[in-house]
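Just so it is clear, none of the values below were taken in a lab; they were calculated from the coordinates. What you are looking at is a predicted structure, and each value in this text was computed from that prediction instead of being measured. As a convention, Cβ positions derive from the backbone with ideal geometry for all residues, glycine included, and neighbour counts pool all protein chains shown.
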Amino acid sequence: MHIQRTIKYEADRVRGFAEEIMSLAGCDRLKSCIQCGTCSGTCPLSIYMDHTPRQIMALVRADFKNEVLRSRTIWLCASCYACTVECPRQIRITDIMYALKQRAIQEGVYPRRFPIPVLAREFSKMARRYGRITETLLVMRLFLKSDWRALFRSWRMGLGLLRTGRFSLRRERIRRVQELDQMLATIPEAPATPSTPRQIP
């Protein structure tokens with residue numbers, strides 16, 4: 001594991017970022033973090049992260065928005081909830097990771113052609129438009145927008161899934177999708193994603 005250790009400057013802080021995150025549902029207890037490291041110790045993927053979960057919590061509280069959103073850590077979170085279950089301060093760390101992912105997608109700050117934010121965007125678009133997810137089409141969009149060569153590497157597995165009926169080429173759709181639109185319209189709109197994402201290498 002290689003963890004970056006860099007000097008933090010006051011000028012790098014984005015004032016109010018911590019308050020914005022803590023104002024979101026499930027994220028309000030971040031201020032009670034005692035930096036014990038339990039989240040990092042229980043995370044099965046922390047050895048692959050550029051910042052441990054404990055460090056991410058500290059960076060968020062200190063308003064280092066840009067460093068947090070550009071970190072690969074938030075994308076490697078597997079949503080296993082081990083950190084949340086073990087946290088002695090009952091901080092919903094997984095929910096905070098979700099909030100950071102959403103913010104990174106909204107602002108177009110994520111690793112170039114990284115599959116996880118691509119999957120999140122395509123999943124959301126398909127769910128909103130049709131009310132259901134057609135896994136075959138979702139996987140194809142994911143491959144085409146992240147790594148089109150993976151489509152050819154996985155053709156045998158895909159063919160096997162089609163033969164056994166696990167994958168379907170028929171688009172799934174709910175009957176009264178307009179009612180779903182009405183429900184989603186009650187949710188406050190998130191900031192629009194920039195037309196030219198500031199993707200990082």
*Assuming R0 = 45 Å, can you tell me the calculated FRET efficiency for the pair residue 169 and residue 85, based on Cβ-Cβ distance, to the nearest 0.05?*
0.70
*Distances over 13 Å make up what percent of all Cα-Cα pairs in segment 115-184?*
67
*Would you please name the trypsin sites (Lys or Arg not before Pro) within segment 78-140 that are DSSP coil residues with at most 16 other C-beta atoms within 10 Å of their C-beta?*
89, 112, 113, 132
*Going by C-beta contacts inside 10 Å, put 85, 60, 139 in order with the fewest on the left.*
85, 139, 60
*Using Cα pairs under 8 angstrom and six or more residues apart, how large is the relative contact order of the chain, in percent?*
20
*Using Cβ-Cβ distances only, list the Cys residues of the chain with no partner cysteine under 4.7 Å, sorted by number.*
27, 33, 36, 43, 77, 80, 87
*Could you work out the Kirkwood radius for the chain, taking every pair of different alpha carbons, averaging 1/r and inverting it, reported in Å?*
18.9
*Under a 10 Å cutoff between Cα atoms, tell me which one of 138, 76, 159 has the largest fluctuation in the Gaussian network model of the chain.*
159
*Let me know the Rg and Dmax you get for segment 12-107 when you use only its Cα atoms, in Å.*
11.8, 32
_Efficiency of FRET from Cβ geometry, residue 156 and residue 113, R₀ 30 Å, rounded to 0.05_ = 0.80
_Can you tally the lysine pairs in the chain where the Cα-Cα distance is under 30 Å and the two residues are eight or more apart, or on different chains?_
11
